[in-house]
Structure formats: structure tokens, C-alpha cells
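A single structure is presented below for examination.
What follows draws every value from the coordinates through simple rules; no lab data is involved. Remember, it's a predicted structure, so these values are computed and weren't measured experimentally. All Cβ positions, glycine included, derive from the backbone under ideal geometry; neighbour counts span all protein chains shown.
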Amino acid sequence: MQLFSIIIGLLLMCSCNRDNKSKKASDNAVPERGELSIESQLLLGNRLFSEKTCITCHDLNKNNIGPSIREIMTIYKEKNGDITAFLKGQAKPIVDTTSSQVAIMQANIDGFLKIVSDEEMKTIAIYMLHVDELNQ
Ligand code: HEC
């Protein structure tokens with residue numbers, strides 16, 4: 001009889017635990033995500049700029065295969081350009097309009113950028129826009 005109640009007790013404990021766990025799992029089903037701070041967005045954007053290979057053609061200060069980030073941002077700020085729209089193929093180039101140069105970047109827009117999410121593009125744009133605020 002004593003063994004019986006111990007077993008019942010254990011079973012109850014188990015089911016309680018399971019209940020708790022399943023409650024937690026369903027809480028996680030709809031994750032709440034707060035806005036990332038500007039610092040976090042900058043760091044993430046910086047990382048994506050390397051991971052997505054932008055860095056191979058865009059140096060911070062020097063023109064490489066493509067114009068430098070500073071040159072791009074000077075013109076985008078001047079002309080109130082929209083980087084995300086450009087990366088999505090929805091806005092024309094305004095920095096270097098030489099057709100051979102445009103073709104290089106256009107190949108990215110038609111290629112690997114198609115699988116970069118809007119959110120990632122936005123973060124990359126924020127990084128480019130605020131790059132001066134990072135100590136580089
Ligand atoms: C293979 C080299 C290459 C890679 C990789 C590359 N770019 Fe470019 N990019 C260029 C060249 C060349 C230009 C100049 C032509 C132009 O301005 O459209 C350019 C231009 C740009 C411009 C200015 C467009 C304008 O308005 O004229 C932006 C913004 C830009 N790139 C962002 C990026 C981002 C973000 C990435 C990574 C996701 C990236 N690029 C990856 C070569 C590259």
C-alpha cells in the first residue's frame with residue numbers, strides 16, 4: 001500500500017512537471033522579440049556585411065572593386081537614397097553608374113541577395129549608415 005502511494009506520488013510529480021514544461025513550450029511558440037538596440041543592430045549589421053561577402057568588394061574607406069562604404073553613404077545621405085530598396089532591385093544605382101560597375105552589383109542583386117531577408121538587409125543598411133559611430 002505504501003509502495004502504491006509512492007508510485008502515485010511519483011506519477012503526480014511527473015505529470016506536474018510535464019504540465020509545466022508544456023506550458024513553457026507553448027509560451028515559446030510565439031516568441032516576443034523586443035527591438036534590438038542600435039548597438040546590437042550595428043554589430044549584427046557589421047557581421048552580416050562580412051558574412052554576406054559585401055566586404056570583399058566594399059572597403060570602409062578605400063575604393064576596392066566597388067565604392068567604399070563612406071563614399072556610398074556620403075551620396076546616399078546627400079540624395080536621401082534607400083539602400084534596402086536598392087538591394088532589393090527596386091531603386092536605381094546613384095553612386096557609380098558606369099555600366100560595367102553597375103553590372104557587377106546587379107549580379108549580386110539578381111543572385112545571392114534574393115535569399116537575404118528584408119530584416120537582414122535593413123540591418124546591413126543601418127550598419128552602413130552608422131558605420132562612423134563604430135570605432136574603426
Ligand atoms: C563582387 C563585388 C561586390 C559585392 C560582393 C557587393 N558589391 Fe555592392 N557594389 C559593387 C560595385 C562594383 C558597385 C558600384 C556600382 C553601383 O554603384 O551600382 C556596388 C555598389 C553598391 C552600392 C551603391 C549602389 C548605388 O546606388 O550606386 C551599395 C549600397 C552596395 N553596393 C551595397 C552592397 C552590399 C550591402 C553588399 C553585400 C550584401 C554588396 N554591395 C556586395 C560590387 C559589389
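Taking θ = phi - 60°, what integer Hz values does the Karplus form 6.51 cos²θ - 1.76 cosθ + 1.60 yield along the stretch 103-120, in sequence order, with x for Gly and Pro?
4, 4, 6, 4, 4, 5, 5, 7, x, 5, 5, 5, 9, 8, 5, 4, 5, 5
Around ASN63, which amide H atoms from residues at least 5 apart in sequence, or from another chain, sit under 5 Å from its own amide H, with H modelled in the peptide plane?
Those lying under 5 Å, H to H, from ASN63 are SER68.
Post the alpha-carbon centroid distance, the stretch 45-76 to the stretch 97-136, in whole angstrom.
Cα centroid of the stretch 45-76 versus Cα centroid of the stretch 97-136: 8 Å apart.
Among SER100, LEU129, GLN90, which residue has its Cα positioned farthest towards the positive end of the charge dipole of the stretch 38-133, with +1 placed on the Cβ of Lys and Arg, -1 on the Cβ of Asp and Glu, and the dipole taken about the Cα centre?
SER100
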